[in-house]
């Protein structure tokens, strides 16, 4: 039941990276879908109410991850509470500060450590399930 309430949206302009991350998250028990540009990611987020966690690359041709995070927050409603994890291969202090000020829950470095990203997503899903009032103790094992 939790999986139908909380989906992970992966946004990365590198389609193979996005797909690999979706496969990893799905294998860990988190339903995940991907988009390969920020514009499609925003549209997907807005039309699919089960997307409550977003994992996005920072550097993308059409929109950087910080701007994407700002657009999610500006959408109101669920966008204000969504958990957003940003990933980058090129860390930048200014970008990190901007992302944290907008409420990014984590900034992870590429190449992603599978344990680290699964742990970050697990924490994000737990937060989201609590926000929507899902009693995890009633989860079917």
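The values are calculated or read from the model by the stated rules, or taken from the named source; none is laboratory data. All of these numbers come straight from a predicted model, not from anything done at the bench. Backbone-built Cβ (ideal geometry, glycine too); neighbour counts: all protein chains shown.
So which of 92, 81 is at pLDDT below 95 and either closer than 22 Å to residue 129 by Cα or under 14 Å from the mean Cα position of the chain (by Cα) (or both)?
Values: 92 fails: either closer than 22 Å to residue 129 by Cα or under 14 Å from the mean Cα position of the chain (by Cα) (or both).
On inspection, the qualifying residue turns out to be 81.
From the set of residues in region 1-27 that are farther than 23 Å from residue 89 by Cα and buried (at least 16 other Cβ atoms within 10 Å of the Cβ), which is nearest to the chain's Cα centre (by Cα)? Residue satisfying both the conditions and the ranking: 7.
The condition of being farther than 12 Å from residue 55 by Cβ, crowded, with 18+ Cβ neighbours inside 10 Å and either modelled with pLDDT of 90 or more or touching a strand residue (DSSP E or B) at 6+ places or on another chain (Cβ under 8 Å) (or both) holds for residue 99. When the test is whether a residue is outside any helix (DSSP H, G or I) and within 14 Å of the chain's Cα centre (by Cα), residue 66 does not pass it.
Would it be correct to say that residue 107 is loosely packed, with under 15 Cβ neighbours inside 10 Å, free of Cβ contacts under 8 Å to residues at least 60 places away in the same chain, closer than 19 Å to residue 127 by Cα and under 14 Å from the mean Cα position of the chain (by Cα)? So residue 107 does not fit the description; no.
Those helices (runs of 4 or more DSSP H) of region 1-57 in which 3 or more residues are in contact with a strand residue (DSSP E or B) (Cβ under 7 Å, 6 or more places away or on another chain), without any contact (Cβ under 8 Å) to a residue 60 or more places away in the chain and over 21 Å from residue 103 (Cβ atoms) occupy 15-27. Across region 28-45, the number of residues qualifying as surrounded by 20 or more Cβ atoms within 10 Å (Cβ to Cβ) and closer than 15 Å to residue 112 by Cβ comes to 3.
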